[in-house]
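Below is one structure, written out as structure tokens; comments come after it.
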Amino acid sequence: MKITAIRAHVLEAPIAERFAFSQAWVDRRVGLVVEIETDAGITGWGDGYGPPWALATVIEKYYAPRLIGRAPLAGDALWEELYNSLRDHGQRGVPVQALSALDIALWDLRGKYFGAPVHVLMGGPVRSSVRAYATGLYRRRDDRGDNHRLLAEEARGYLDAGFTAMKTKVGFGFDDDIALVEMLRQTIDGGVALFVDANHGCDRVQAARLARAMEPLGIGWFEEPLEPEDVAGYAELRTRTGIPIAGGECSFTRHDFRRILEAGAMDVIQPDTASCGGLSEAKRIADMAWTHGIRYNPHVWGTGIGLAAAMQLLAVLPTTAPAFGAHQPLLEYDSTPHPFRQDLLVEPIRVADGIAHVPDGPGLGVEVRRDVLERWRVN
Ligand code: CA
């Protein structure tokens, strides 16, 4: 079997109602879907998390010529070769995100070739279902009162849908943040997990002050309080609060996570499978996290293909400590408006009673709807 063609599809769709995280308003959703064709008639699909036009350029102009004509089953060998080929110019960011999309597509291909789900080829499953948390509760208005009314309604919607965990956004200033988190804690049951995410929108002083103020509110983790470069700041913040510190969606490969783990910087690492180096690298990072006794919950913000890749990884993530009450990793289930996230899949990955089941078809276990791909493709 040989690779015959590689296509990087750039997708873009406007959304009806914009929403904000600490740095920006979101008024459109974008995606990068990669497709690897072979002479065996098997196609592999991947998802890249990053600026899609930049990823498409790196994939089509740089990596694709190195992959066409090659045997796609040699996953680790191809990964190393591609990484080494751009190592001097891109040890993180776009080159690694583009590599991630290709690595996911190569795993999909391999699974389809052997007629087995990716998680079986990776030695699993350790688990076949995962508890999901709803990612949402973004600011939707400039007015605080309007936000509270809308977000209380949104939180109740997640409870009605069966979610037992959800995440909101902070980084809008201390008063705004603490008022929102207090309101949400009062709105949802005390047994429902509430996470907060600053999208690295605080400095060290702001993060420590906010963490202290949130301590009585039963916060499951404080995600990306600081810039990803400030590993020492994370380690310091971790000693100043009882709230678990999470992060890692803007970090890449074993090298970044080695520094994070050795510095004792986080309680929970959140590599994005479609950004950190793909399924191959995510599993290596997970094994490293396991040796440090650190939790691993994958960041998920892509199309349904990225979601399927995250599910395959979740099926093989090691359990941090073996016990009846062992902590199990959670699925980040993006619940924000997105015209093609799940529409891209013939059978979307759903959450019922707060649980998602790992797809057990060959490869990533999902089929892509080409009509939906074509509808939103802009390149
Ligand atoms: Ca985040």
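The values are calculated or read from the model by the stated rules, or taken from the named source; none is laboratory data. Nothing here was measured: the structure is a model prediction, and the numbers come from that model. FYI the Cβ positions are ideal-geometry reconstructions off the backbone, even for glycines, and counts take in every protein chain you see.
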Which residue, of GLY50, GLY69, is of a type in the set (Gly, Ala, Ser), within 16 Å of the ligand (Cβ to nearest atom) and not assigned by TED's automatic domain parsing to the domain that holds ILE305?
GLY50
Condition broken by ALA161, with the remaining ones in (1) out of contact with any Phe, Trp or Tyr (no Cβ under 9 Å at 6 or more places or on another chain); (2) assigned by TED's automatic domain parsing to the domain that holds GLN23 satisfied
(2)
Could you list all residues from the range 314-363 that are touching a residue at least 60 places away in the same chain (Cβ under 8 Å), in a loop (DSSP other than H, G, I, E, B) and of a type in the set (A, V, I, L, M, F, W, C)?
ALA315, VAL316, LEU317, LEU330, PHE340, LEU344, VAL358
Considering each residue of the range 47-70, count those that are part of a loop (DSSP other than H, G, I, E, B) and over 19 Å from the mean Cα position of the chain (by Cα), and give that number.
3
One residue from LEU99, LEU32, LEU73 being in a helix (DSSP H, G or I) and not β-branched (Val, Ile, Thr):
LEU99
Considering residues of the range 139-164 that are buried (at least 22 other Cβ atoms within 10 Å of the Cβ) and either aliphatic (A, V, I, L, M) or within 16 Å of the ligand (Cβ to nearest atom) (or both) only, the residue nearest to GLN23 (Cα to Cα):
ARG139
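Scan the range 165-178 residue by residue and report those that are closer than 22 Å to ARG209 by Cα and crowded, with 16+ Cβ neighbours inside 10 Å.
Matches in the range 165-178: LYS167, THR168, LYS169, VAL170, GLY171, PHE172, ASP177, ILE178.
Working carefully through the options LEU307, LEU317, LEU344, find the one that is of a type in the set (A, V, I, L, M), at pLDDT 95 or above and under 20 Å from MET288 (Cα atoms).
LEU317
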How many of the residues making up the range 67-89 are of a type outside the set (A, V, I, L, M), surrounded by 14 or more Cβ atoms within 10 Å (Cβ to Cβ) and free of Cβ contacts under 8 Å to residues at least 24 places away in the same chain?
2
Hey, could you check the range 279-311 for residues that are surrounded by 24 or more Cβ atoms within 10 Å (Cβ to Cβ) and among the β-branched types (Val, Ile, Thr) and say which is farthest from SER335 (Cα to Cα)?
ILE285
Does any residue of the range 146-159 turn out to be touching an Asp or Glu at 6+ places or on another chain (Cβ under 8 Å) and at pLDDT 95 or above?
yes
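Only one of LEU226, LEU210, LEU261, LEU194 is assigned to a strand (DSSP E or B), surrounded by 17 or more Cβ atoms within 10 Å (Cβ to Cβ) and in the same structural domain as VAL316 (by TED's automatic domain parsing); which? Before you say what the answer is, go through the steps one by one.
On the way: LEU226 fails: assigned to a strand (DSSP E or B); LEU210 fails: assigned to a strand (DSSP E or B); LEU261 fails: assigned to a strand (DSSP E or B).
Answer to the check: LEU194.
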Residues within the range 253-281 that are within 23 Å of LEU73 (Cβ to Cβ) and more than 16 Å from the ligand (Cβ to nearest atom), tallied
7
Flagged in the range 276-334 as basic (Lys, Arg) and over 24 Å from VAL34 (Cβ atoms), in numbering order, are ARG295
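Sort out which residues of the range 179-203 are within 11 Å of THR164 (Cα to Cα) and either within 16 Å of the ligand (Cβ to nearest atom) or modelled with pLDDT of 95 or more (or both), and write them in order of number. Steps first, please.
At the first step, the residues of the range 179-203 found to be within 11 Å of THR164 (Cα to Cα) are 188-194.
If the condition is that a residue be within 11 Å of THR164 (Cα to Cα) and either within 16 Å of the ligand (Cβ to nearest atom) or modelled with pLDDT of 95 or more (or both), then ILE188, VAL192, ALA193, LEU194 are the ones that fit.
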Select from the range 112-138 the residues that are of a type in the set (A, V, I, L, M) and within 16 Å of the ligand (Cβ to nearest atom) and list them in ascending order.
ALA132, ALA134, LEU137
